[in-house]
Amino acid sequence: MADVKRVYTFGNKEAEGNGKMRELLGGKGANLAEMNLIGIPVPPGFTITTEVCTEYYAHGKQAVIEMLRPEVERAMQNIERLTGMKFGDKEMPLLVSVRSGARASMPGMMDTILNLGMNDQAVEAVAKRTGNPRFAWDSYRRFVQMYGDVVLGMKPASKEDHDPFEEIIDALKHKRGVKNDTDLTTDDLKELVKSFKEAVKKQTGEDFPTNPWDQLWGAICAVFGSWMNERAILYRKLNNIPAEWGTAVSVQAMVFGNMGNNSATGVAFSRDAATGENIFNGEYLINAQGEDVVAGIRTPQQITIEGSKRWAKAQNISEEERKAKYPSLEEVMPEVYKELNEIQHHLEQYFTDMQDIEFTIQDGKLWMLQCRNGKRTGAAMVKIAMDMLREGLIDEKTAVLRCEP
């Protein structure tokens, strides 16, 4: 068992894996490797293979951690080398995200964990390094909440149950008389971190883990554990996905969309997923992190001027108000938009299918977090297949296969 390769690194336009290795690296891991190989800016990281998921269920948590430890430590050193930061360091702490990724896309599997590596020392170091204490504490608050939900089992079982963390946030916002999370001050965020940790202790009987390595192993094992959660099992049954496929785990250096007004996060599609029209479209939020765009707490803005104008018209918003309150990314960050537009075009040409992409802009620099073939409606499926056939991207046989229900 010792000489099997279980961890594949990627970063700085190099990767040990590639896009053809979906079975081993999962869809997400394979695409992250492939994007590196074709020169797309992707934060460095590594993917733990789907085979380890099978080993996890065969040999148990501790055995898998011991087996993985040397490879994961080496892969972490690779990220440190590429970022100039160090995992668990007191001055330049490296923070990472942890995501699951099966061969087939699986909604209902583990949610992403961001900002892993945060603790009371790291938050001070990040605040000092960035000169932005609010950002540092916001990132810490999010981490405790996500880790509590996903790894420590604080997430409510059903929609009717209340999320203990959301209740704490709502109570504080009410007390302060503010509407948005973004209106909370640094001191408010410090208070949230403290209250969140108390909630964890109360519900689990354990202190929140402060050692970054303990946090990482907890998150990796939670991904493997989520492969057999009720939602995932049900989804597999409905979609004929074999249980033995397992899931991979991707760990990546964090890039931050919540560093201020020169940072953002968003999702985009190389074509319209509803109509199939060949127009680049998507949404973004300034000063936000991944989950915010889909969480519905703030109104996301459109990526293109065209999309922004269409949206404003549908909402009965005047052009003046649109420009003042809901400008497109194309207007706010024209250079970044231009690069994003070129990348989406490149990805679509390369993968010869409509792409669903996630991106983060950290302090004016664009990073791609994932790309995959986008889900679409039946009407869009036919239109996109026909258009791509005419554009010479795919042949007739592929076009016909893509129109299958």
* To do: Would you point out the residue of segment 261-280, among those that are assigned to a loop (DSSP other than H, G, I, E, B) and under 19 Å from the mean Cα position of the chain (by Cα), that is surrounded by the fewest Cβ atoms within 10 Å (Cβ to Cβ)?
  => 263
* Asked: Under 7 Å by Cβ, and 6 or more places apart or on different chains, what pairs join a residue from segment 143-171 that is within 14 Å of residue 203 (Cβ to Cβ) and outside the structural domain of residue 214 (by TED's automatic domain parsing) with one that is basic (Lys, Arg) and in a helix (DSSP H, G or I)?
  -> 144/197
* Structure fact -> From the option list 344, 370, 362, 301, single residue qualifying as within 16 Å of residue 279 (Cβ to Cβ) and under 21 Å from the mean Cα position of the chain (by Cα) is 344
* Asked: Taking segment 327-372 only, how many residues are within 30 Å of residue 129 (Cα to Cα) and of a type in the set (Lys, Arg)?
  -> 2
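Looking only at residues that are in contact with a Phe, Trp or Tyr (Cβ under 9 Å, 6 or more places away or on another chain) and not aliphatic (A, V, I, L, M) in segment 1-25, which one is nearest to residue 68 (Cα to Cα)? Lay out the reasoning, then the answer.
To start, the set of residues in segment 1-25 that are in contact with a Phe, Trp or Tyr (Cβ under 9 Å, 6 or more places away or on another chain) comprises 7-11, 15-17, 19, 21, 23-25.
From what is left, the residues that are not aliphatic (A, V, I, L, M) are 8-11, 16-17, 19, 23.
On the way: 8: 12, 9: 14, 10: 17, 11: 20, 16: 17, 17: 18, 19: 23, 23: 19 Å.
Top of the filtered list is 8.
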* Matching residues, segment 119-172, being at pLDDT below 90, surrounded by fewer than 16 Cβ atoms within 10 Å (Cβ to Cβ) and of a type in the set (A, V, I, L, M, F, W, C) -> 157
* Filtered residue count, segment 105-131, keeping only those that are of a type in the set (Gly, Ala, Ser) and under 25 Å from residue 13 (Cα atoms) -> 2
* Could you please give the count of residues in segment 275-322 that are of a type in the set (D, E, K, R) and closer than 23 Å to residue 366 by Cβ? => 5
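Residue check: is residue 249 closer than 22 Å to residue 370 by Cβ and outside any helix (DSSP H, G or I)?
On the way: closer than 22 Å to residue 370 by Cβ: yes; outside any helix (DSSP H, G or I): yes.
Judged against the criteria, residue 249 is a match.
For residues that are outside any helix (DSSP H, G or I) and under 23 Å from the mean Cα position of the chain (by Cα), scanning just segment 311-340, find the one that is surrounded by the fewest Cβ atoms within 10 Å (Cβ to Cβ).
Going residue by residue through segment 311-340, those that are outside any helix (DSSP H, G or I) are 315-318, 326-328, 333.
If we keep only those that are under 23 Å from the mean Cα position of the chain (by Cα) as well, we get 328, 333.
Values: 328: 24, 333: 21.
Step by step, filter segment 311-340, then rank; the result is 333.
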* Give just the number: which of (1) under 27 Å from residue 254 (Cα atoms); (2) out of contact with any strand residue (DSSP E or B) (no Cβ under 6 Å at 6 or more places or on another chain) does residue 215 not satisfy? => (2)
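Can you give me the number of residues within segment 10-27 that are buried (at least 24 other Cβ atoms within 10 Å of the Cβ) and outside any loop (DSSP other than H, G, I, E, B)?
Of the residues in segment 10-27, 4 are buried (at least 24 other Cβ atoms within 10 Å of the Cβ) and outside any loop (DSSP other than H, G, I, E, B).
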* Qualifying positions in segment 341-381 - of a type in the set (A, V, I, L, M, F, W, C) and not in a helix (DSSP H, G or I) -> 354, 357, 359, 361, 366, 367, 368, 369, 371
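Any idea which of 231, 236 is surrounded by fewer than 22 Cβ atoms within 10 Å (Cβ to Cβ), farther than 20 Å from residue 152 by Cα, under 23 Å from the mean Cα position of the chain (by Cα) and not aromatic (Phe, Trp, Tyr)? Before the answer, list the steps.
Numbers: 231 fails: farther than 20 Å from residue 152 by Cα.
One residue alone meets the criteria, 236.
The values are calculated or read from the model by the stated rules, or taken from the named source; none is laboratory data. All of these numbers come straight from a predicted model, not from anything done at the bench. In this analysis, Cβ positions are derived from the backbone assuming ideal geometry, glycine residues included, and neighbour counts consider all displayed protein chains.
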